[in-house]
1. Quickly run through region 64-77 and pick out the residues that are surrounded by 10 or more Cβ atoms within 10 Å (Cβ to Cβ) and within 18 Å of the chain's Cα centre (by Cα).
2. Listed residues Gln84, Gln30; which is surrounded by 13 or more Cβ atoms within 10 Å (Cβ to Cβ), within 25 Å of Leu116 (Cβ to Cβ) and either free of Cβ contacts under 8 Å to residues at least 60 places away in the same chain or among the small types (Gly, Ala, Ser) (or both)?
3. Tally up the residues in region 140-173 that are within 23 Å of Ser69 (Cβ to Cβ), of a type in the set (A, V, I, L, M) and buried (at least 16 other Cβ atoms within 10 Å of the Cβ), please.
Amino acid sequence: MPQYRFHGDPVRYWTKPSQGSKSTEYANAQGKRKKVIYDGRWAKSDVSTVAPPIQFFYPIFETFIHDVSGPHMKPTRDDIIDTQKFMHVASRIPDEGSRRSFNNKTVTYRTLDLELKRELGEGGSDASTQGELAMRRVWTDKVSANLVKKCCCPTLILAGGGPWLTVLGGVFTDKF
């Protein structure tokens with residue numbers, strides 16, 4: 001595992017995640033070294049956005065991948081029933097004015113960020129990018145400043161819209 005070292009203060013992202021995740025704003029930020037998120041998405045610039053797999057930075061990500069993808073993963077009957085109920089609600093295409101029990105939501109804890117939209121791309125922003133930016137915003141506030149200087153702040157990011165759910169991971173590092 002690479003040695004984690006932090007050489008300075010974390011970059012503050014001045015734009016709200018809902019605004020910064022719109023494609024034009026995000027492309028602009030991905031072209032600037034001080035604002036880039038190393039998620040492999042790139043804009044027209046010489047800034048590389050490729051990073052090693054997140055499992056290299058913190059072992060919980062490798063554990064998560066192992067736990068959800070192995071043959072040992074056997075959902076219970078209740079898990080399957082709950083998933084069926086969720087998918088029934090999530091798969092309904094919302095019309096104008098209709099509501100789901102999980103309208104556009106942002107739930108943020110220090111180690112979990114959840115971005116759910118009624119549909120993917122609704123509101124003109126990408127839920128996964130918005131989750132990445134929300135993670136950055138949470139970890140760069142003044143309350144977290146000392147912690148960010150001591151660790152890589154491993155965070156699970158759940159993003160989705162409609163029946164789609166994406167699990168992402170994020171860390172803070174300036175060296176890989």
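Where a number appears in this text, it was derived from the coordinates with a stated rule and is not lab data. Since the model is a prediction, treat every value here as computed from it, not as a measurement. Ideal geometry is used to build each Cβ from the backbone, glycine not excepted, and the neighbour counts take in all protein chains shown.
1. Those that are surrounded by 10 or more Cβ atoms within 10 Å (Cβ to Cβ) and within 18 Å of the chain's Cα centre (by Cα): Phe64, Ile65.
2. The unique qualifying residue is Gln30.
3. Selection size over region 140-173: 6.
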